[in-house]
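The values are calculated or read from the model by the stated rules, or taken from the named source; none is laboratory data. Quick caveat, the model's predicted, so the values are computed rather than measured. Neighbour counts run over all protein chains shown; Cβ positions are idealised from the backbone, glycine included.
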Amino acid sequence: MIEINNLRISISDKALVAIDHLVVAPGERLGLVGESGSGKTLTVMSILGLLPEMMKVEGSISFAGRELLGMPEKELAKIRGRDIAMVFQDPSRSLNPTMKIGHQVGETLRLHTNMGRMEIRQRVLELMHSVRLQSPEKMVNRYPHELSGGQQQRVMIAMAIACGPKLLIADEPTTALDVTVQQGVLELLLQLSQDSDMSMVFVSHDLGVVQAISDRIAVMYRGEVIEIGPPAQIIDSPAADYTKALIAANPSIPNADVLVRLAGTRFNTDQGA
Amino acid sequence: MNGPETDTIVIATQEARRSRPRSSTYSPQLLVGVALTGAVAAITLLSLFWTPWNPLTLDVENRLQPPSSEHWFGTDRLGRDLLTQVMVGGQNSLYVSIVATAIGIVLGTSLGLVAAGAGARWGAALTRISDIGIALPSILIALVLATAVGPGNLSVIIAISFWFVPVTARVVVGPARQVLALDFIEAAMTHGRGRIYILFRQVLPNIAPLVIVQTSMMFAAGILIEASLSFLGVGAQPPTASWGRLLNESQPLLQIAPYYTLLPGMFVVITVLGFNLLGDGLAVLLDPQQSRKGVV
C-alpha cells in the first residue's frame, strides 16, 4: 500500500528523519512508536506532503504505485482525505469550533464526491452511527464544544473514514483522552480497519496501546527505525536497547524485567536496525 | 413533590441557560447603541416615504425661522423645513458610509486573510503598504480626488475606503494568523482543502466577531468623515442634503440662528456615538472567551 525508501527529512542540513525502508501492506496495521521528537509525526506528515516548507524531504514515498514526493499540490489534495485520511491527537483542537458536527463530518464527502445534499446528510448519519455515536440526528446540529473528548474523537474518525480511505493515519489518537475512553476508541479503530480492509499507521509513544492494535510495530529513535516486527517479537524479545527501555518504562506491559533508565541515556542505534 | 418532575425542570432551566447568552453579556453599551442606531436608521428610512415637508420646496419669506409648531426645529436659510432636511440628509450620510464600510470590510478582510495565509514575508509587506494607506489622511485624499474627479459622493467613498481597506487588513491579519496555527486548520489540509477555502471558510468564521465589531466602528468613522468632507464642500453637492453640508451652511449664521446647527450636529453625534457603543457592546457580547471555549 505504502512504501517508503531512503526517506530523508532535514532542516538546514540537520537530519530529522532517516528511514531506509518501511512498507505498510494493504490491510496491515503498523504501529509507529518512539519518544517525543523521534520523528514519528514528521514521517506521517511527509506522507501527506504537509511538512512545513522549510523542511527538505528527499527519497521516495510511493502510495498504491504512485510517487507522492514531488507530486503536484493539486494531485496531492485529491489524495488527501479521499485515499489517505488522518486522525489527530487532540480532537478538541482538531474540529472547527464555529461549525456544526454534521457539516464537518460531511466535509470530505462534499469535497471529494459529487453526492447531493440529501445523500451526504444520509451518509453522515450512517458514518456517525458506524463510529457508535449516540443519537446522530441530534448530534449533527451540535457544535464541537458541546461534545465530550471521546465523542469528538469519534467525530474525527467518522470524518476520516467518510470517503473510505485506503490508508488511515492515526497520530496519537488516544493520548488526549481519558483512559476509560481510550479503550473504546482503540476498539473502534481496530474494528473499522478489519471491516474495510483499510491499512493503518498508528502513531503512539505508548507501546501498550500500539501492541493491542498493530500487526507489526516499528520502533523509532532519533529519526530512524531501529527495530521492526510483530508485537510479540518486539515485546518479548526486543533487540535494541532502546526498545527494552521503552518496554521497561511502560507499566501496562507485564514481564518488563529489563529496567533501564530512559532519561539521560543514549542508546546504541546499531542493533537490530 | 415527586422526583422525576423536579429533575426535568432543573434540566430544562439548565438547557435554557446554556442555549441563551448570559444576560450580563447584554451590556448597557449594547442596549444604548442599538437604541441610538436603530432610531437613526428608522428616521432615515422613514424619510424615504414621508417627511414633514417637501425637502425641495423653498419658502424664502419664512427663512431662518426659530422652532415653531409648524416647523419643529425651524427652517434653514432658504426657508426649507430643517427637520426634513436632516431626515433626508441622513440618507446621503448613511449611504456613503454603508458603501465605504462595505468596500473597506470586504476588501480589507480578504487582503488580511490572504496576507495571513501567504506567510510572514507577505504579511510584513502588507503591513508596510498598509502603513502608507493609514498614514494618508482620508480628508487629504478626498481633496485631491475632488480636484481630479470632481467633488461628490464618489470621491468621498473612494477616499474613505482608501483608508478603511488597510486598517481592516491590519486588524484581521494578526488574529487570522493565530487561527491558522490551530490544529483544525491542519486537519482541513489533510482533508484536501486548498488555501483559499481554508482562509475564507475555516478561518473567517473564527474571526467573525472581530470583523463585526470592526464594521460597527468603521461605520461610525465613515459618518464622521463624510460629514467632515461635506462640511468642507468636497462631499454632497446642492441640492443633495447632507448633515455635513447643513452644518457648513449653518456655520456663518451661528449667531443669528444658533438652533440651525443643533439638529444636524446632534444627528452626527447620536449616530457616531450609537455605532461606537454598538461596537463596544458587540465586542463584549461576541467575545469568544466568554461565549465559547476553544476559539482564539
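Here is how the numbers come out for the structure above:
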{"quantity": "Qualifying position, being in a helix (DSSP H, G or I), closer than 29 Å to B:Val156 by Cα, aliphatic (A, V, I, L, M) and touching a Leu at 6+ places or on another chain (Cβ under 9 Å), among B:Val86, B:Val106, B:Val99", "calculated": "B:Val86"}
{"quantity": "Lone qualifier among B:Gly33, B:Gly108 - being out of contact with any Asp or Glu (no Cβ under 8 Å at 6 or more places or on another chain), at pLDDT 75 or above and of a type outside the set (Val, Ile, Thr)", "calculated": "B:Gly108"}
{"quantity": "Within segment B:182-207, tally of residues that are at the interface with chain A (Cβ under 7 Å from one of its Cβ atoms), hydrophobic (A, V, I, L, M, F, W, C) and under 27 Å from the mean Cα position of the chain (by Cα)", "calculated": "0"}
{"quantity": "Segment A:148-160, residues that are within 14 Å of chain B (Cβ to nearest Cβ) and surrounded by 14 or more Cβ atoms within 10 Å (Cβ to Cβ)", "calculated": "A:Gly149, A:Gln152, A:Gln153, A:Val155, A:Met156, A:Ile157, A:Ala158, A:Met159, A:Ala160"}
{"quantity": "Residues (among the β-branched types (Val, Ile, Thr) and either at pLDDT below 90 or farther than 30 Å from A:Gln151 by Cβ (or both)) located in segment A:62-99", "calculated": "A:Thr98"}
{"quantity": "Test: residue in segment B:241-254 that is of a type outside the set (Phe, Trp, Tyr), within 19 Å of B:Leu107 (Cβ to Cβ) and crowded, with 20+ Cβ neighbours inside 10 Å", "calculated": "no"}
{"quantity": "Answer residue from segment B:225-240, given it is surrounded by fewer than 20 Cβ atoms within 10 Å (Cβ to Cβ) and not β-branched (Val, Ile, Thr) and is nearest to the other protein chains (Cβ to nearest Cβ) among those", "calculated": "B:Ser228"}
{"quantity": "Residue count, segment A:36-72 (criterion: of a type in the set (Lys, Arg) and within 13 Å of chain B (Cβ to nearest Cβ))", "calculated": "0"}
{"quantity": "Complete set of residues in segment B:81-102 that are out of contact with any Ser or Thr (no Cβ under 7 Å at 6 or more places or on another chain) and surrounded by 24 or more Cβ atoms within 10 Å (Cβ to Cβ)", "calculated": "B:Gln85, B:Val86, B:Val96, B:Ser97"}
{"quantity": "Among (1) assigned to a loop (DSSP other than H, G, I, E, B); (2) within 14 Å of chain B (Cβ to nearest Cβ) - the single one A:His145 does not satisfy", "calculated": "(1)"}
{"quantity": "Residue among A:Arg123, A:Arg117 that alone is surrounded by 15 or more Cβ atoms within 10 Å (Cβ to Cβ), more than 7 Å from chain B (Cβ to nearest Cβ) and of a type in the set (D, E, K, R)", "calculated": "A:Arg123"}
{"quantity": "B:Ala176 vs. criteria within 14 Å of chain A (Cβ to nearest Cβ), touching a Gly at 6+ places or on another chain (Cβ under 8 Å), touching a residue at least 12 places away in the same chain (Cβ under 8 Å) and surrounded by 19 or more Cβ atoms within 10 Å (Cβ to Cβ)", "calculated": "yes"}
{"quantity": "Helices (runs of 4 or more DSSP H) wholly inside segment B:141-249 containing at least 2 residues that are among the acidic types (Asp, Glu)", "calculated": "B:183-190"}
{"quantity": "Condition met for B:Val60 (out of contact with any helix residue (DSSP H, G or I) (no Cβ under 7 Å at 6 or more places or on another chain) and at pLDDT below 75)", "calculated": "yes"}
{"quantity": "Residue that is farthest from the other protein chains (Cβ to nearest Cβ), among those in segment A:89-107 that are under 20 Å from A:Glu126 (Cα atoms) and not in a loop (DSSP other than H, G, I, E, B)", "calculated": "A:Gly102"}
{"quantity": "Among (1) more than 25 Å from the chain's Cα centre (by Cα); (2) within 10 Å of chain B (Cβ to nearest Cβ), the one test that A:His112 misses", "calculated": "(1)"}
{"quantity": "Given (1) assigned to a loop (DSSP other than H, G, I, E, B); (2) closer than 30 Å to A:Asp20 by Cα, number of the condition A:Lys78 does not satisfy", "calculated": "(1)"}
{"quantity": "Residue check for A:Glu75: surrounded by fewer than 15 Cβ atoms within 10 Å (Cβ to Cβ), free of Cβ contacts under 8 Å to residues at least 24 places away in the same chain and within 12 Å of another protein chain (Cβ to nearest Cβ)", "calculated": "yes"}
{"quantity": "Single unsatisfied condition, B:Val211 versus (1) away from chain A (no Cβ under 13 Å); (2) at pLDDT 90 or above", "calculated": "(1)"}
{"quantity": "Matching residues, segment A:172-189, being in contact with a strand residue (DSSP E or B) (Cβ under 8 Å, 6 or more places away or on another chain) and either surrounded by fewer than 23 Cβ atoms within 10 Å (Cβ to Cβ) or over 20 Å from A:Ser214 (Cβ atoms) (or both)", "calculated": "A:Glu172, A:Thr175"}
{"quantity": "One residue from B:Gly89, B:Gly79, B:Gly133, B:Gly119 being in contact (Cβ under 8 Å) with a residue 12 or more places away in the chain and under 30 Å from B:Leu182 (Cβ atoms)", "calculated": "B:Gly133"}
{"quantity": "Filter result for A:Gly81 (within 12 Å of chain B (Cβ to nearest Cβ) and either touching a Lys or Arg at 6+ places or on another chain (Cβ under 6 Å) or on the phi > 0 side of the Ramachandran plot (or both))", "calculated": "yes"}
{"quantity": "Residue, farthest from the other protein chains (Cβ to nearest Cβ), within segment A:163-185, restricted to residues that are assigned to a loop (DSSP other than H, G, I, E, B), without any contact (Cβ under 8 Å) to a residue 60 or more places away in the chain and over 14 Å from A:Ser94 (Cβ atoms)", "calculated": "A:Asp178"}
{"quantity": "Flag if A:Gln134 is part of a helix (DSSP H, G or I), free of Cβ contacts under 8 Å to residues at least 60 places away in the same chain, away from every other protein chain (no Cβ under 12 Å) and out of contact with any Cys (no Cβ under 9 Å at 6 or more places or on another chain)", "calculated": "no"}
